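The values are calculated or read from the model by the stated rules, or taken from the named source; none is laboratory data. All values derive from a computational prediction rather than experimental measurement. What goes into the accessible areas is simple: the full protein's heavy atoms, side chains included, and nothing from ligands, DNA or RNA. Shrake-Rupley method; radii C 1.70, N 1.55, O 1.52, S 1.80 Å.
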Amino acid sequence: MKRIAVSAAVLACLLMCSKPAEMVKQTTTRVANKVSDAIDANVPWAGPDNGAAQARDQQRYDLQWRQLASFRAQQAAQQAAQLAAQLAAQQPGTTPAATGQQIRIVQGGKESFKGLDMNRINAAPMRVPITGHDSGPSVLRVQVYLDRDHFSVGAIDGGWGKNSSIAVWQWQRSHGIEPTGDVDEATFRSIADAAGNVEPLVKYQISADDLTGPFFTIPDSVYDQQNLSCMCYQTLREELAEKFHSAEDFLAQLNHGVTFSDLKAGDTIVVPNVRPAVTADPHDIAKIVISIAGDSFDAFDANQRLIFHAPTTVGSKYDPSPDETLHIVKIVPMPHFHYDPTLYAEVPDDKPDAHLNPGPNSPVGIVWMQLSKAHYGIHGTEDPESIGYVSSHGCVRLTNWDANEVSHRASEGTIVAFVDTKRSAGD
């Protein structure tokens, strides 16, 4: 999902995330009168982001997050008794430990996926430590296990980087391990045991439902987009990559020689062994803490235990004060979108409105969680591979699969706090 599209929001829900404050003041009253009872969401149209891949590559190995105030404070505030209690009891929401494969651990060395099929990747030894620019079967195994432990790394791609490192750091901090963001043997065994030591790759049989679609080519123009019955997936490969929490190119790499458009019901492909989608409503998230400059989304239960982590990307104009605490007031699955040109300084006011149908390729993805401050919200995205790396339009963005899980585990009234604002990132 590589497209930045257009939309508009519940009383301009996302306006403050991407417009200067003075423009918000000028448009809020007008928008309120125009969409009084709408349940829509709004981000400006930026057009295709041709620089996104380059920006993502530049940010992948950026270690500045380690110096942010919240990460330093968390590291300094470890309490042995609380951590010991967490170690003694399995955390809610994690996959139950199970007897899985025997994993051989070796020290050092380099890896790659070159020439490896599913069986050889699954049988590969686990090489530690993992840090820096590592990639290969060991990184893939850790990414899959973290995903199954509900410590998401965003789009799984078999390569180390900031998203994976922060997920490990948060796992270590919440499990009594010295937080480094690197994977040593003790850290790996903790993550793997919680994930059941399963094989990182499995075979998946294509179903008739997978092929149903519908699949649409999504045009650049918002006025053409509004003619679509949904902002659907564009290809089967895109749909399957999202279903298995993967980068599209990596899924294709795992299935070398497979033409996804030729797949039929009953055919099999190789996929990461990720956690199943949450469909129940446990409502076990009591508080969410978002590090704006650290691109970190952390959810805690009523006992202040960290039970869900994901990378996030916050809009480039979105900078609440460091002591700001809000709460979720509305959770809307599959929201509709209203594009109102009067909301955007760069668009003439006499341009016509447009209305977009829901779908995974909408600018706010498959769910919108409205916050108690006007125009602020948590939502999905049409570009999962940008999460954690590229900040442009939108409010608090998650991958669609992570946003979906949060929407089932959080509730109206769940507290949302912000730390590490962009202004304080260099402090």
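One table, with the values for the structure above:
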item: Full-stretch length increase - GLN205, ASP349 - with 0.36 nm per residue and alpha-carbon distance subtracted; result: 46.8 nm
item: Along each principal axis, Cα extent of region 215-345, largest first, Å; result: 52, 43, 28
item: Rounded accessible area of VAL278 (nearest 10 Å², 1.4 Å probe); result: 30 Å²
item: Residue-by-residue Karplus 3J(HN,Hα) for region 263-271, coefficients 6.51, -1.76, 1.60, Hz, glycine and proline x; result: 5, 10, 4, x, 5, 10, 10, 9, 9
item: For region 98-176, projected area of the alpha-carbon convex hull averaged over all directions, nm²; result: 5.7 nm²
item: Principal axis dimensions, largest first and in whole angstrom, of region 195-285 by Cα; result: 49, 42, 23
item: Space enclosed by the convex hull of the alpha-carbon atoms of region 137-182, per residue, Å³; result: 61 Å³
item: Extension gain from VAL329 to SER411, taking 0.36 nm per residue of separation minus the Cα-Cα distance; result: 28.7 nm
item: 3J(HN,Hα) from dihedral phi, region 201-210, Karplus parametrisation 6.51/-1.76/1.60, rounded to Hz, x for glycine, proline; result: 10, 9, 8, 10, 8, 5, 9, 4, 4, 4
item: Long-range HN-HN contacts of VAL419 with modeled amide H, under 5 Å; result: ILE290, SER291, ILE292
item: Protein accessible area in region 161-318, 1.4 Å probe - carbon and sulfur %; result: 47 percent
